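Below is one structure, written out as structure tokens; comments come after it.
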Amino acid sequence: MTPDEALRRIAFLLEWRGASPYRVRAFHTAADAVRALPPGPVDPAQAERLRGVGPVTAEVIAQASTGAIPNYLARLQSEAAPDAQAGWDLAAASTGDCHLHSDWSDGGSPIEDMADAARALSHQWAVLTDHSPRLTIAHGLSPERLRSQLEAVADVNSRTGPDFRLLTGIECDILDDGSLDQDEDLLGRLDIVVASVHSKLRSEPEPMTARMVAAVRNPRVDVLGHCTGRIITGRGRPQSRFDAGTVFAACAEAGTAVEINCRPERRDPPDDLLAQAAAAGCLFAVDTDAHAPEQLHWQSTGYARAARIGLGADRLITTWPLEQLLASRSGSR
């Protein structure tokens with residue numbers, strides 16, 4: 001066992017237990033930091049000098065650096081319910097990620113770096129979903145810039161082996177009337193469209209419900225992104241109010257997947273709405289919403305949430321082979 005593996009497994013088990021996002025994120029942060037360490041044994045003091053590593057994670061790193069199972073991980077594994085393994089198996093079965101950003105909008109890394117990170121995780125595919133024009137604060141893509149990005153993605157794929165494909169996509173704003181913030185013809189050229197609400201998040205429930213239902217019924221839309229818009233860390237942001245039963249029924253009917261957003265500050269939808277969407281028969285996309293390569297590791301915590309409510313791989317489009325994903329999405333349009 002390597003320090004990275006140990007820290008990621010601890011993050012997964014903490015998420016499984018419903019730990020706070022701060023605790024979960026601490027172990028992911030430490031796992032990102034261990035890449036700066038040389039191979040071989042390290043002592044806790046050496047590990048603790050890494051940015052983002054504290055006494056607890058330093059001890060885990062030191063023990064795992066010798067190949068041993070750290071005491072912290074051993075304790076969590078001994079206390080884990082037998083079905084926790086189902087969540088880990090789902091994470092291991094992941095084939096892709098429907099939601100990631102590059103430096104073309106508000107991400108911090110070039111397209112190729114994001115693709116390389118996804119491929120390094122043994123993904124078969126990943127979807128580039130930079131923002132649409134209206135989200136100017138995130139440098140959303142105008143139709144002209146999106147057309148240019150399609151060429152850039154094709155160039156990346158021309159230099160990638162047959163085991164991985166970067167899919168074209170967008171995180172498209174859902175406008176006030178439920179329409180989409182991009183040219184319809186251009187949306188039709190994309191492999192995957194994630195539609196999300198980013199404005200007027202405190203609208204009254206009735207117009208918010210109508211807005212979301214119109215979007216998820218749009219045949220161009222494949223995934224409903226971070227459906228409540230909530231932020232649960234820092235100053236936070238309350239979740240939007242809408243008729244979840246109506247929205248999830250529309251998703252199930254249209255075949256639009258509900259996103260299980262893995263960002264630690266989102267964990268969206270919350271547990272009660274996630275269970276409600278599952279009961280409604282929805283499909284799901286376990287997505288990182290990654291803005292940097294190391295954030296692609298967050299996906300395992302979303303699979304923990306999915307497994308905890310009994311979802312199997314058949315309901316999770318991010319475990320589907322590329323051919324099945326594309327056939328399913330094109331068939332629903």
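Computed quantities for the displayed model
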read-out: Per-residue SASA entry for Phe27, accessible area with 1.4 Å probe, Å² rounded to 10; value: 10
read-out: DSSP-defined beta bridges in the chain - what % are antiparallel, rounded to 5; value: 10
read-out: Heavy atoms of Thr160: accessible area, 1.4 Å probe, square angstrom to 10; value: 30
read-out: Of all accessible heavy-atom area on region 68-150, the percent that carbon and sulfur account for (1.4 Å); value: 53
read-out: FRET efficiency, 1/(1 + (r/R0)^6) with R0 56 Å, evaluated for Glu253 and Met1 via beta carbons; value: 0.80
read-out: Surface accessible to a 1.4 Å probe, Asp185 within the full protein complex, Å²; value: 130
read-out: Value of Rg/Rh across region 171-288 [Cα atoms, Kirkwood radius]; value: 0.94
read-out: Estimated 222 nm signal from helices in the chain, with DSSP H stretches of n ≥ 4 weighted -39500 (n - 2.57), rounded to 500; value: -13000 deg cm²/dmol
read-out: Å² per residue, accessible surface of the chain at 1.4 Å; value: 40
read-out: Within a Gaussian network of the chain (alpha carbon springs, distance under 10 Å), most fluctuating of Val53, Val223, Val127; value: Val53
read-out: Angle in degrees between helix 244-254 and the longest Cα principal axis of the chain, rounded to the nearest 10; value: 80
read-out: Summed side-chain charge close to Thr256 - residues other than Thr256 whose Cβ falls under 9 Å, Lys, Arg +1, Asp, Glu -1; value: -1
read-out: Solvent-accessible surface ranking, highest first, for Glu294, Glu323 at 1.4 angstrom; value: Glu323, Glu294
read-out: Carbon plus sulfur fraction of accessible area for region 235-333, probe 1.4 Å, in percent; value: 49
read-out: Top of Pro82, Pro44, Pro110 by mean-square fluctuation, Gaussian network on the chain, Cα under 10 Å; value: Pro82
read-out: Protection-proxy order for peptides 174-183, 142-151, each taking the mean of Cβ atoms within 10 Å per residue, highest first; value: 174-183, 142-151
read-out: Unit Cα scatterers, Debye sum, region 1-154: log10 I(q)/I(0) for q = 0.12 Å⁻¹; value: -0.66
read-out: Highest-MSF residue in the chain out of Arg159, Arg25, Arg17 [GNM, Cα springs under 10 Å]; value: Arg159
read-out: Given charges at beta-carbon only (K, R positive; D, E negative), |dipole| of the chain in Debye; value: 700
read-out: Accessible heavy-atom area order of Arg23, Arg329, highest first, probe of 1.4 Å; value: Arg23, Arg329
read-out: Student exercise, region 183-333 dipole from Lys, Arg, Asp, Glu Cβ charges, in Debye to nearest 20; value: 400
read-out: Residue among Val156, His131, Ser196 farthest towards the positive dipole end of region 105-197, charges placed on Cβ; value: Val156
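The values are calculated or read from the model by the stated rules, or taken from the named source; none is laboratory data. Quick caveat, the model's predicted, so the values are computed rather than measured. Ideal geometry is used to build each Cβ from the backbone, glycine not excepted, and the neighbour counts take in all protein chains shown. Accessible surface is based on the protein model in full, side chains and every heavy atom, while ligands, DNA and RNA are left aside. Shrake-Rupley method; radii C 1.70, N 1.55, O 1.52, S 1.80 Å.
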